[in-house]
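Student: First the structure, then my questions, so here it is.
The values are calculated or read from the model by the stated rules, or taken from the named source; none is laboratory data. These numbers were taken from a predicted model, which means no experiment stands behind them. Reconstructed Cβ throughout: ideal geometry from the backbone, glycine too, with neighbour counts over all protein chains shown.
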Amino acid sequence: MEKSIGALLEDKLRNTTVEPGLHIVSTPIGNLNDITLRAIAVLRCSDAIACEDTRVTGRIKSEFNLTAPLISYHEHNAHKVTSRIIKLLKSGKIVALVSDAGTPLISDPGYKLVNSAIENNVVVSPVPGASALLASLSVSGLPTDRILFEGFLPKKTLGRRKALEHAAKAGSTLVVFESPNRLIKSLSDMIDILGNRDAIIARELTKRHEEIRRGNLKSLVKNIEDNRLPRGEVTLVIGPEKNNKRLPQGQIDQMLIESLSKHSVKNAVNAVALETSLPRRALYQRAILLKSEKNQL
């Protein structure tokens, strides 16, 4: 009699060998069906599971009949708990590190533990799987040959704008996580500093209310203003500057000079930025220079 799929899967799990050490285990970012067989096998064999929120991981523990005790491990207790986990690892135990969702250490705690394990000659093994970063990139339709991941942008405007100024120099697709409450502010800063680039807003990926909004940064802001502010977990993917559409510097300067003859610096820059989709900050710096040169004549 042929075995059922469930029985075959159980055989596969039982036959998976898990060696002692620290295992960095990816868990679903929403849909529980995205967990891998290897992740289940490692979690079942673990002597302890280090996790951010025991309530969140407790649901996974219940769903997949896990028996290992949960150890609360987050940025606020990492220093204290790391030594406890290292002690388990040095005694030959199997410890799994998980985050609340997705791949650990991607804008989540875990660096200190992994670094400490390496320093103590403990084997560290990846158990890859779901990742909001990779999931959003895969459906973005934007270039993926060069990527800059900034995690969560700073909450304060000055810090956020400085981070974006750094990102603007990279010449690559930018991926960031953002709170829905700060989304409009971040998008507005991106328009100002990066220019009107193509982008997507990926919300609640793999979950029931998964949504992907596409367009350029300005159209995405208008979409939010005309409809509603996205809720839940948000990932932004912003494409690189379209160099093939970049105007010669001489032509940009002429546009600025003409606009400066009619408007204040701020309004002149806004007008040229609207027409060219170039970053306002770069245009502003150029406009100040051009005005200064004119005054010196």
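Student: When you go through S62, S91 one by one, which is the residue that is free of Cβ contacts under 8 Å to residues at least 40 places away in the same chain, closer than 19 Å to E19 by Cα and not basic (K, R)?
Tutor: Values: S62 fails: closer than 19 Å to E19 by Cα.
Within the list S62, S91, the selection yields S91.
Student: Counting only residues that are over 19 Å from L217 (Cβ atoms) and buried (at least 17 other Cβ atoms within 10 Å of the Cβ), how many does the stretch 135-171 have?
Tutor: Residues flagged as over 19 Å from L217 (Cβ atoms) and buried (at least 17 other Cβ atoms within 10 Å of the Cβ) within the stretch 135-171 amount to 1.
Student: Let me ask something additional. Please tell me if R213 is of a type in the set (K, R), in the same structural domain as I238 (by TED's automatic domain parsing) and either closer than 15 Å to R280 by Cβ or buried (at least 21 other Cβ atoms within 10 Å of the Cβ) (or both).
Tutor: no
Student: Determine if the stretch 181-194 includes at least one residue that is among the hydrophobic types (A, V, I, L, M, F, W, C), closer than 26 Å to Q285 by Cβ and either touching a Lys or Arg at 6+ places or on another chain (Cβ under 7 Å) or part of a strand (DSSP E or B) (or both).
Tutor: For the stretch 181-194, residues among the hydrophobic types (A, V, I, L, M, F, W, C), closer than 26 Å to Q285 by Cβ and either touching a Lys or Arg at 6+ places or on another chain (Cβ under 7 Å) or part of a strand (DSSP E or B) (or both): present.
Student: For the subset of the stretch 27-46 comprising residues that are crowded, with 17+ Cβ neighbours inside 10 Å and in a loop (DSSP other than H, G, I, E, B), which member is modelled with the lowest pLDDT?
Tutor: The extreme case among them is G30.
Student: While we're looking at this one, here's another question. Test V122 against the criterion of being touching a residue at least 12 places away in the same chain (Cβ under 8 Å) and part of a strand (DSSP E or B), and give yes or no. It would help to see each step written out before you state the result.
Tutor: On the way: touching a residue at least 12 places away in the same chain (Cβ under 8 Å): yes; part of a strand (DSSP E or B): no.
Spelling it out, it is not the case that V122 is touching a residue at least 12 places away in the same chain (Cβ under 8 Å) and part of a strand (DSSP E or B).
Student: Do you know which residues across the stretch 67-78 are touching a helix residue (DSSP H, G or I) at 6+ places or on another chain (Cβ under 6 Å) and either without any contact (Cβ under 8 Å) to a residue 24 or more places away in the chain or surrounded by fewer than 16 Cβ atoms within 10 Å (Cβ to Cβ) (or both)?
Tutor: L70, S72
Student: Ok, one more. So for the stretch 218-228 (the condition being in contact with a Lys or Arg (Cβ under 9 Å, 6 or more places away or on another chain) and assigned to a strand (DSSP E or B)), does at least one residue qualify?
Tutor: No.
Student: Test I29 against the criterion of being in contact (Cβ under 8 Å) with a residue 40 or more places away in the chain and of a type in the set (A, V, I, L, M), and give yes or no.
Tutor: Considered against the rule, which asks whether it is in contact (Cβ under 8 Å) with a residue 40 or more places away in the chain and of a type in the set (A, V, I, L, M), I29 comes out as yes.
Student: In addition: Kindly indicate whether any position in the stretch 263-279 is outside the structural domain of E178 (by TED's automatic domain parsing), exposed (fewer than 12 other Cβ atoms within 10 Å of the Cβ) and not in a helix (DSSP H, G or I).
Tutor: Yes, because at least one residue in the stretch 263-279 is outside the structural domain of E178 (by TED's automatic domain parsing), exposed (fewer than 12 other Cβ atoms within 10 Å of the Cβ) and not in a helix (DSSP H, G or I).
Student: Something else about it: With the checklist (1) more than 22 Å from the chain's Cα centre (by Cα); (2) hydrophobic (A, V, I, L, M, F, W, C); (3) not in a loop (DSSP other than H, G, I, E, B) in hand, flag the one item I24 doesn't pass.
Tutor: (1)
Student: Hey, any hits in the stretch 170-179 for a residue that's within 27 Å of H76 (Cβ to Cβ), in a loop (DSSP other than H, G, I, E, B) and under 15 Å from the mean Cα position of the chain (by Cα)?
Tutor: yes
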